[in-house]
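Step one of this worksheet: look at the structure below.
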Amino acid sequence: MSSHIEQSGVTVLGLGPMGRALAGAFLDAGLRTTVWNRTPGRDRELVERGAVGARSVQEAVASSALTVVCVVNYDAADAILRRDAVTDALKGRTVVNLTADTPDRARDAERWAAEHGIPYLDGAIMTPTTTIGTPAAVFIHSGPKELYEEHRPVLDALGGTHTHLGEGISRAAAYDIALLDIFWTAMAGYVHALAVARAEGITARELAPFAMGIGAILPPIFEQSAEEVDNGSFSGEGNPMTSAASSMAHIIHASEAHGIDAGVMRAAEGMARRAIGLGHGGDGFTRIAEVLGR
């Protein structure tokens, strides 16, 4: 193995759009960067920019004290890392896994790493590829604080905000899942609203400024609701659950009158009706968080 590779500061495994963005940011920061991807050829542009294209995973991980993994899911990460030669090459070297998956998978990865003497940090990227290397990037991390601080100077090369959420390895994945839950249910609501609006002769462009107004009222509601959920008050003053369920029923009726599937809203109404049936009709909508968690 050449000294060219041995001097590398960081290795990136996985060169999909996000992996390429991560490797590019490391290069822009002047870090010696080794890259590897399962599909050959993905590294061409990065190599032209100065990255070292490793011929194998073993060579890639052996070239750096820190390996950053960003692939489609933990099945893909396991297929890359959990091979004898790779595991041996990783002993004593830190893995930061920025692959998105579930908290359970993060805990499983931590157990595997501990069994093989591999220091391990888990994390997630909360912003699109275009933000990487800029102040707009948002990264969350979990695992041993001391290990995180040791590698923080290299991670900082990725730009943006880095938050260590705690020593529990699955905390980053849990935040990621919860935040994506908000994002995708909100997006599902938005595209459904666009379909209903279009059926009533309202264009997406016409609706958009009003939709943004709805979006803007959510942050203060999130903040107030968080306090209610944590202290168990669930006040329905001003907007009780019964009122919310009635509003949802109107949306379902209007949707289905146009032949538009209202499954998402029917699911939301079902949660509200369940809470009402348990005697919480006068409570606020956030009571559902407690009902679902039982």
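The longest stretch of the chain left intact once loop-based GluC sites (Glu not before Pro) with at most 14 other Cβ atoms within 10 Å are removed from consideration, loops following DSSP, is 1-166.
Of all the options Ala76, Ala226, Ala54, the one that moves most in a Gaussian network model of the chain with Cα springs shorter than 10 angstrom is Ala226. Summing charges over neighbours of Ala89, with a neighbour being any other residue whose Cβ is under 12 Å away from its Cβ, gives 0 when K and R count +1 and D and E count -1. Helical runs assigned H by DSSP (4 residues or longer) give the chain a calculated mean residue ellipticity at 222 nm of -17000 deg cm²/dmol, each run adding -39500 (n - 2.57) before division by the residue total. With neighbour counts taken as other beta-carbon atoms within 10 Å, the residues Arg287, Arg198, Arg20 rank, fewest first, as Arg198, Arg20, Arg287. For region 31-126, applying the loop criterion from DSSP together with a ceiling of 15 other beta carbons within 10 Å to the trypsin sites (Lys or Arg not before Pro) yields Arg38, Arg49, Arg55, Arg82, Arg83, Lys91.
Using a Förster distance of 41 Å, how high is the FRET efficiency between Val264 and Asp88, based on the Cβ-Cβ distance and rounded to 0.05? Rounded to the nearest 0.05, the efficiency is 0.30.
Residue separation of His253 and Ala226 scaled by 0.36 nm, minus their Cα-Cα distance, works out to 6.6 nm of gained length.
A crude spin-label estimate for the pair Ala186 and Ile202, with each label 7 Å from Cα along the Cβ direction, gives 1.9 nm. Taking the Cβ-Cβ separation of Thr130 and Glu237 as r and a Förster radius of 41 Å, what is the calculated FRET efficiency to the nearest 0.05? Once rounded, the FRET efficiency stands at 0.45.
Cβ-to-Cβ counts within 10 Å put Asp122, Asp88 in ascending order as Asp88, Asp122, the fewest first. Assuming R0 = 45 Å, what is the FRET efficiency of Arg55 and Ile177, from their Cβ-Cβ distance, to the nearest 0.05? Taking R0 as 45 Å, the efficiency between Arg55 and Ile177 is 0.80. Of Ala51, Ala257, Ala193, the residue with the greatest mean-square motion in the GNM of the chain, using alpha carbon springs below 10 Å, is Ala257.
Where a number appears in this text, it was derived from the coordinates with a stated rule and is not lab data. Everything quoted here is computed from the prediction, not taken from an experiment. Heads up, the Cβs are rebuilt from the backbone with ideal geometry, glycines too, and the neighbour counts pull from every protein chain shown.
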